[in-house]
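For reference, the structure discussed in these notes is given below.
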Amino acid sequence: MTGATIWLTGLPSAGKTTIARELAGRLRGEGHRVEVLDGDEIREFLSAGLGFSREDRHTNVQRIGFVAELLASNGVKALVPVIAPYADSREAVRKRHQAEGTAYLEVHVATPVEVCSERDVKGLYAKQAAGEISGLTGVDDPYEAPESPDLRIESHTQTVQESATALHTLLTERGLA
């Protein structure tokens with residue numbers, strides 16, 4: 001089976017990981033080899049020691065992109081629910097995939113910051129509002145939304161299953177599912 005990297009970008013608590021895990025289960029059920037490269041897990045193991053400066057965020061995204069391409073070039077569907085706030089970092093990952101001839105799809109989980117801050121899965125928005133942390137993507141640190149992603153998911157207007165189905169449909173249309 002053909003591998004591919006499917007990068008889900010969006011704000012914290014947008015639903016990236018939830019959608020990725022839902023899609024992963026479906027793809028595994030169809031016999032695909034799938035890995036979910038969760039941003040929090042990667043930071044703990046692969047990018048320990050990196051902070052949240054623009055430079056460190058770029059390095060983190062490039063490391064994840066390298067691992068994703070490695071997996072994808074070996075027939076794995078690499079689902080990457082990682083914020084990746086800067087367009088140039090995401091573009092560098094796309095170019096790496098293109099250079100290697102590996103399929104790459106960018107999916108924007110376009111959940112408004114107001115909805116994300118209500119979901120606040122990890123309590124980050126509350127901590128930022130209380131002044132306990134700064135540099136929260138989309139609040140007091142930039143998030144550059146993709147201008148022309150392969151798919152834009154409005155996760156706040158549909159169920160997780162509907163979001164995963166939209167992504168699965170895209171994979172099917174591209175000959176990847």
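Considering region 2-60, the residues that are charged (D, E, K, R) and at pLDDT 95 or above include one that is farthest from Val76 (Cα to Cα), namely Lys16.
So, of the residues in region 87-116 that are at pLDDT below 95 and open to solvent by 10 Å² or more (accessible area, probe 1.4 Å), which turns out to be farthest from Pro142 (Cα to Cα)? Across region 87-116, the extreme among qualifying residues is Val115. Would it be correct to say that Asp56 is of a type outside the set (A, V, I, L, M, F, W, C), open to solvent by 20 Å² or more (accessible area, probe 1.4 Å) and within 12 Å of the chain's Cα centre (by Cα)? The answer is no for Asp56. Checking region 72-80 against the condition returns a match, with at least one residue being touching a Phe, Trp or Tyr at 6+ places or on another chain (Cβ under 7 Å) and under 23 Å from Glu162 (Cα atoms). Within the set Thr9, Thr5, the sole residue that is crowded, with 24+ Cβ neighbours inside 10 Å, in contact with a Lys or Arg (Cβ under 7 Å, 6 or more places away or on another chain) and closer than 21 Å to Leu167 by Cβ turns out to be Thr9. Filtering region 25-41 to residues that are part of a helix (DSSP H, G or I) and surrounded by 19 or more Cβ atoms within 10 Å (Cβ to Cβ) leaves Leu27, Gly39.
Of all residues assigned to region 63-79, at least one qualifies as being of a type in the set (Val, Ile, Thr), free of Cβ contacts under 8 Å to residues at least 40 places away in the same chain and surrounded by 20 or more Cβ atoms within 10 Å (Cβ to Cβ).
With respect to the conditions (1) touching a Cys at 6+ places or on another chain (Cβ under 8 Å); (2) open to solvent by 10 Å² or more (accessible area, probe 1.4 Å), Ala14 falls short on a single one, namely (2). On inspection, Ser155 qualifies as under 17 Å from the mean Cα position of the chain (by Cα), open to solvent by less than 80 Å² (accessible area, probe 1.4 Å), at pLDDT below 95 and over 26 Å from Ser53 (Cβ atoms).
When region 117-127 is filtered for residues that are open to solvent by 50 Å² or more (accessible area, probe 1.4 Å) and among the acidic types (Asp, Glu), only Glu118 remains.
The values are calculated or read from the model by the stated rules, or taken from the named source; none is laboratory data. Keep in mind that this is a model prediction, so the values were computed, not measured. Methodologically, a virtual Cβ is constructed for each residue, glycine included, from the backbone with ideal geometry; neighbour enumeration extends over all protein chains shown. Please note that ligands, DNA and RNA were not included when accessible areas were found on the heavy atoms of the full protein model with its side chains. Shrake-Rupley method; radii C 1.70, N 1.55, O 1.52, S 1.80 Å.
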